[in-house]
């Protein structure tokens, strides 16, 4: 077995449709009720439901000037990053800014501003396109804005591996710290893709649930009656810190990022490998990297999008890795919907909270699982579970897979 570097998680920030901070999000997750609803921005489309971050005012949160120059995914990322820094009790007046990095995952460009620009171009009015359209919409914009806001000057970049982007960002951040490039990395993901073009494209590839007459029941991971995912938005940022650095400053360690595994199905641009071969490879690689065996894992935070093929592939992979008896599973997208590139980071934060609380939140809307692929999915109410190590799964279009391993401090 390898000798992994157990990176400390010393802070986290969350903003999702379930709430604007970790406490609110955790409370809603434990309630176990879907949050999808009709979205006024999607009126007239075949799929007009989503999970939205409600009552979030960018101007109030960030000031008029910053709110104007950034798109919504950056607004959310900045809020999560500020929360994480406060939670970690980091003081910008005393830290070493060149030793602090930012790695953020996002699945796509922000189309919010591009759509406005495209409309003007279609009207042959190019001079009215805002000069901010490009810089505010780049995938790297959120990571750059976090660095500008906090004054940190270490490595700074974005990663994109479809719906595994947020988890991949945490894996890359772990390696930066383990390699000695940083003492601290603010890592996570942010996405707000509730625009009409993204929804239309996902509808055309039949990825979204058509259960528009019952939005709160639409996202149903691992249920036999699932018919696609519900689009969401949100951001999560974790403060990852070298354990020696955390010890020197007397930081409270919430959990440890012990290892990860990544793979590619190399199978199809949208569909997963039908037997979950790539997911299984990532799961086994994560365990090996962490120096753990399947019997050491007490919980799995599933990718569980509510798609027919994706959930079936993940279930098969878990059953093989755990010899038919995986530990208790939860699927947060049943409550939060699917925030695409932010999903892996949001669910990593939830996995940290599960380890802290020794409590697995329930999966909403699950009535009956696929015969022969049954997992021990927690439903109805939170389940107390003694857990020292947990997996957080993230799988994306193109067969891009990342699995994170978290342990108690």
Regarding segment 142-152, can at least one residue be identified that is touching a residue at least 12 places away in the same chain (Cβ under 8 Å) and assigned to a loop (DSSP other than H, G, I, E, B)? yes
Can we say residue 214 is more than 21 Å from residue 316 (Cβ to Cβ), without any contact (Cβ under 8 Å) to a residue 60 or more places away in the chain and more than 18 Å from the chain's Cα centre (by Cα)? yes
Filter segment 222-257 down to the residues that are touching a strand residue (DSSP E or B) at 6+ places or on another chain (Cβ under 6 Å) and surrounded by fewer than 21 Cβ atoms within 10 Å (Cβ to Cβ) and list them by number. 243, 251, 253
Only residues in segment 381-409 that are under 18 Å from residue 5 (Cα atoms) count as the first member; pair them with residues that are at pLDDT below 95 and not in a strand (DSSP E or B), Cβ under 7 angstrom, at least 6 apart or cross-chain, and list the lot. none
Considering segment 237-261 alone, what residues qualify as being within 24 Å of the chain's Cα centre (by Cα) and in a loop (DSSP other than H, G, I, E, B)? 242, 252, 253, 254
Output for segment 351-368, where each listed residue is touching a helix residue (DSSP H, G or I) at 6+ places or on another chain (Cβ under 8 Å) and either more than 20 Å from residue 258 (Cβ to Cβ) or surrounded by fewer than 24 Cβ atoms within 10 Å (Cβ to Cβ) (or both): 353, 357, 359, 361, 362, 363, 364, 365, 366
Residue list for segment 276-295, filter: touching a helix residue (DSSP H, G or I) at 6+ places or on another chain (Cβ under 8 Å), part of a helix (DSSP H, G or I) and free of Cβ contacts under 8 Å to residues at least 40 places away in the same chain: 284, 294
Scope segment 196-211; condition assigned to a loop (DSSP other than H, G, I, E, B), in contact (Cβ under 8 Å) with a residue 60 or more places away in the chain and surrounded by fewer than 17 Cβ atoms within 10 Å (Cβ to Cβ); matching residues: 205, 210
Within the group 246, 266, which residue is more than 30 Å from residue 365 (Cα to Cα) and touching a helix residue (DSSP H, G or I) at 6+ places or on another chain (Cβ under 7 Å)? 266
Determine whether residue 398 is in the same structural domain as residue 282 (by TED's automatic domain parsing), more than 17 Å from residue 278 (Cα to Cα) and touching a strand residue (DSSP E or B) at 6+ places or on another chain (Cβ under 9 Å). no
Just a yes or no: is a residue in segment 395-409 within 15 Å of residue 300 (Cα to Cα) and surrounded by fewer than 24 Cβ atoms within 10 Å (Cβ to Cβ)? yes
Answer with yes or no whether residue 77 is touching a strand residue (DSSP E or B) at 6+ places or on another chain (Cβ under 9 Å) and within 30 Å of residue 246 (Cβ to Cβ). yes
Would you pick out the residues in segment 175-195 that are surrounded by 18 or more Cβ atoms within 10 Å (Cβ to Cβ) and either outside the structural domain of residue 234 (by TED's automatic domain parsing) or in a helix (DSSP H, G or I) (or both)? 176, 177
Going residue by residue through segment 159-174, is there one that turns out to be at pLDDT 95 or above, out of contact with any helix residue (DSSP H, G or I) (no Cβ under 6 Å at 6 or more places or on another chain), assigned to a loop (DSSP other than H, G, I, E, B) and on the phi < 0 side of the Ramachandran plot? yes
Could you grab me the full set of residues in segment 388-409 that are over 25 Å from residue 255 (Cα atoms) and part of a strand (DSSP E or B)? 396, 400
If you check residue 234 against the conditions, is it assigned to a strand (DSSP E or B), touching a residue at least 12 places away in the same chain (Cβ under 8 Å) and at positive phi? yes
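The values are calculated or read from the model by the stated rules, or taken from the named source; none is laboratory data. Only a predicted model underlies this, so the values are computations on that prediction, with no experimental measurement involved. Note: ideal-geometry Cβ built from the backbone for every residue, glycine included; neighbour counts use all protein chains shown.
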